[in-house]
Each structure stands twice: as C-alpha cells, then as structure tokens.
Amino acid sequence: MLRFAPSPTGDMHIGNLRVALFNYIVAKQRGEELLVRIEDTDKERNIEGKDKEILDILGLFGIEYTNVIHQSEHLRYHRMMAIQLLQDKHAFNCFCTPAELEHKREVAKKAHKPFRYDDACTHLPHELVIDNENPFTIRLRRPEEAVVVNDLIKGEISFAPEDIDAFIIMRAEKYPTYNFACAVDDMLGDISLVIRGEDHMSNTPKQIAVRNALGYEKKMEYAHLPIILNDEGKKMSKRDDASSVKWLLKEGYLPSAIANYLIHLGNKTPQEIFTLKESLAWFDLSSISKAPARFDMDKLKFINGQHLRMLDAKELSRYVGFADEAIGEVAKIFLEEARTLKELRPKIEAIFAEKSIPEEFTEQAEILRKVILDAPYFESFDDFKKHLMQESGLKGKNFFKPLRLLLSGAEHGPEVADLYVYLKDFLGEIVK
Ligand code: GLU
C-alpha cells in the first residue's frame, strides 16, 4: 500500500501534487493500492473544506485511490500505542513546562547550538511520575543507535541518536504530534513505500524510531523528492502564485499539462510531452535528480500549448465555453498564438462580441457588415471574398482590415481564410 498524506491546511501546493502523482504512478506500477490520508491532527491549522478540495483536485488529475481516511479517526490507536510505549518504557512522561523548555531553547540558541532535550524527566523515579499532578507530555526515549534511512532518491543517510532526540509524541492535551501519528498510521496502513517531499527528511528517522520502539519489523522504503525552487532560486512558497494548483487551473493550464510538467521536472523522461497514463510505462523514481528542481513557467506554458493541441475540437470548444465542434476548430487555429485557456478564451469571445472598429475603418466596416448580412451562402472563402469586394467596392487595406475586424474582433491574428472555413455558418451572429 502506498499513501498520499496531505494536510488540509491550505491550497494544494504543486509540490504536493507532484508527490500525489508519483505515489499514484508507483502504486499502479507495483500493482499496489493507494490510500489518501488527510492529516488533520493539527486542529488549529485545519481549514474547513480543504479536504474536499484536495480530493476534487486528485479527481481532476485522474489520480485514483482506493480509500480515504482522516487521521483524526485514528486518535484511539495513537493513544493506545502511546500507552504501550509508556508501559514498555520506550516512552516517558515529561513534566517540563512550556516556559522552561522555551528558556532552554533560548540558551541553546545563544550558544549557537541546536536545542536538544536535556533529559530532565527521562529518569524520574516512578513515585514522582505517578504522584505528579502537573500537565505532562509524552516523549519517546532517544534511540540508542543511529537510524539509517536508505532513500530511493537520496541514497543512504544515517541519523545520530542526538539528532533524533527524545521528542514529544503526545502533547499535554493527549493529542499526537505529527511524527507520532504519521509513524503509527504508516504502520497500521501497511505502507510499503513512502514518497514525500524532502522537507520531511529529518522526520523520517523519528518515525522509524517510533516503529522500532513499537516492535514493528516490516521495512518501509522511502523516497524524498527534492524541493521545487522559484525563479530566484528560493523554495516555492505560498507567495509564489504558481505554487498553487488552484491558481494554475484558474490561469488556464490543463490538468494533463500540469501533470506532464511535474513528472518531467527534474527527471529524465523518454519524451517531453506525454500523458499520465503513458508515463506509467516508463516512470522510474531512481531517475529523479537529487538536486532541487527549478520551476519554469515558460516550459509549463509550452507543454500546456502542446496539450491543448492534443484535445479534439469538441473538448477544446467546451474548455472555451462553447459546445460546438466548429468553434473548437477555430480555437485550434488560435493555438498558434495562445498557450493557455486564459489566453485563448478572449480570442474566441472577441469573435462573437460587439466589435469596436477603429475610426479609420468604421465606414468601410459598416458597408461590409451590410453586404455580409445580405450575402448568399458561399462554401469557399474565395467566392465569398469576390462577392464582398464586388458588392462593397472596397479593396486592399480598406477591405481586408475591416473584414478581419468584423470576423475576428482583432486587428491581427490567423488567416481570415482559415477562420472562414469554420465560421461561415455563424456569420449572422458574428457581424450582427
Ligand atoms: N501531511 C504532510 C504534508 O502535507 C505529509 C506527510 C507525509 O507525507 O508523511 O506535508
């Protein structure tokens, strides 16, 4: 079983979508199931409705999963496992107050040292523990040996016991911390491989330590994906609009193109343009680069343009707001100059909108408009053109400029002859 474990705390980040895509692909390749686990244990950070939004996005991208759970449903297991760890003396109650810990953290900071738990409560006598009425957290005992993570992308990394530290697994309110809940749930879910962002790398030995302490022996594989950088070489954050999947969709990028881009990013792929389904045949986690990948909007735009071309006319027409194959064909012609739906839609809308004609051509446009409305039906553009020229007495720039403006609503653009092939049945609506 593989899993995608998003937190419902904000708009889905492209890094998360990349994680979801990779989990989906590898699960399919290995013939395993994919579980979606909404990590909603941090109640203060949860945003209502984000879980549904995440599932909608997965649906839109064709990421199929077998089951969805909310982590909060597992609270009783988290508590049970914490009690077991206490009983087995792999965990201990810690009575240090937040103020004391804050003070120790400050001291460490001043000494330019990382804060490590000082074992103040690690060895408290039993009577002191059971007779103590102060609030307490539960900490995992620091492991005795280093934990080695053998990452499918990063290779082997060893973590010393001090770096894993005696960390908190249950808060004072007796809710689990992220690392504890995640470690227990991966165990309960019988997860075989965890694919996630490299920002979780330092959590991995902690989660392994939890399962080791619980006596869980099955080995879980890990693959940590390098982060995605913005133009300035900094980690893409909420401040970068393009980091939000919702924003990209709103800007007119197709799910298939975004998926293509994210699978291609920092990866060696046999071709540049492909579908998610096609990538199942060749995707290989071990060809993902270890180095961070840089987000490239131009490349995404290019890939989007290619995916727009791959749509058939009917599908494309729906994307631009018309359910008509002929309009889809017109939209295809405009793909020469538009690479997103946001760029494409106004071009199609302009054809049917009221035209604003520059003053130097208003008179000619009025003459042409009448001739077009009275004209019989012409199959060929040449015949249509000849008829218009004859009836209007216009020629050259005085003919072609207003004709283009009347038929496309723009001064420049594709050949009017090419547009005419698909627009000839709509002339009444277009020049009205
Ligand atoms: N909930 C974590 C996140 O959204 C992911 C945890 C994981 O994949 O283990 O970053």
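Return yes when PHE22 is more than 11 Å from the ligand (Cβ to nearest atom) and either within 18 Å of the chain's Cα centre (by Cα) or closer than 18 Å to ASP190 by Cα (or both) and no when it is not. So that I can check it myself, show each step before the final result.
Values: more than 11 Å from the ligand (Cβ to nearest atom): yes; either within 18 Å of the chain's Cα centre (by Cα) or closer than 18 Å to ASP190 by Cα (or both): yes.
Criteria met by PHE22.
Is it true that GLU44 is more than 16 Å from ILE168 (Cα to Cα), at pLDDT below 95 and either out of contact with any Leu (no Cβ under 8 Å at 6 or more places or on another chain) or open to solvent by 80 Å² or more (accessible area, probe 1.4 Å) (or both)?
It is true that GLU44 is more than 16 Å from ILE168 (Cα to Cα), at pLDDT below 95 and either out of contact with any Leu (no Cβ under 8 Å at 6 or more places or on another chain) or open to solvent by 80 Å² or more (accessible area, probe 1.4 Å) (or both).
How about the range 134-197: which strands (runs of 3 or more DSSP E) wholly inside it have at least 1 residues that are open to solvent by 10 Å² or more (accessible area, probe 1.4 Å) and away from the ligand (no atom under 16 Å from the Cβ)?
The qualifying strands (runs of 3 or more DSSP E) are 137-140, 147-151, 155-159, 168-170.
Tell me, which residue of the range 198-219 that is free of Cβ contacts under 8 Å to residues at least 40 places away in the same chain and within 11 Å of the ligand (Cβ to nearest atom) is surrounded by the fewest Cβ atoms within 10 Å (Cβ to Cβ)?
Result: ASP199.
Every residue in the range 234-253 that is touching a Leu at 6+ places or on another chain (Cβ under 7 Å) and buried (at least 21 other Cβ atoms within 10 Å of the Cβ), please.
Within the range 234-253, MET236, VAL245, TYR253 meet the criteria.
What's the number of the only condition in (1) open to solvent by 30 Å² or more (accessible area, probe 1.4 Å); (2) closer than 26 Å to PHE159 by Cα; (3) away from the ligand (no atom under 12 Å from the Cβ) that ASP231 fails to meet?
With respect to (1) open to solvent by 30 Å² or more (accessible area, probe 1.4 Å); (2) closer than 26 Å to PHE159 by Cα; (3) away from the ligand (no atom under 12 Å from the Cβ), ASP231 is out only on (2).
Examine the range 403-416 for a residue that is modelled with pLDDT of 95 or more, open to solvent by 30 Å² or more (accessible area, probe 1.4 Å), of a type in the set (A, V, I, L, M, F, W, C) and over 25 Å from GLU251 (Cα atoms), and state whether such a residue exists.
Taking every residue of the range 403-416 in turn, none turns out to be modelled with pLDDT of 95 or more, open to solvent by 30 Å² or more (accessible area, probe 1.4 Å), of a type in the set (A, V, I, L, M, F, W, C) and over 25 Å from GLU251 (Cα atoms).
For every residue, the table says whether it meets (1) within 14 Å of the ligand (Cβ to nearest atom); (2) in contact (Cβ under 8 Å) with a residue 60 or more places away in the chain; (3) open to solvent by 70 Å² or more (accessible area, probe 1.4 Å).
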site	(1), (2), (3)
ALA5	yes, yes, no
MET12	yes, yes, no
GLN29	no, yes, yes
GLU39	yes, yes, no
LYS50	yes, no, no
ILE57	yes, yes, no
GLN71	yes, yes, no
ARG79	no, yes, yes
PHE95	no, no, no
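The values are calculated or read from the model by the stated rules, or taken from the named source; none is laboratory data. Treat the numbers as computed from the prediction; the structure is a model and nothing was measured. Counting neighbours? That spans all protein chains shown, and the Cβs are built from the backbone with ideal geometry, glycine included. Calculation scope for accessible area: heavy atoms of the full protein, side chains included, ligands and nucleic acids excluded. Shrake-Rupley method; radii C 1.70, N 1.55, O 1.52, S 1.80 Å.
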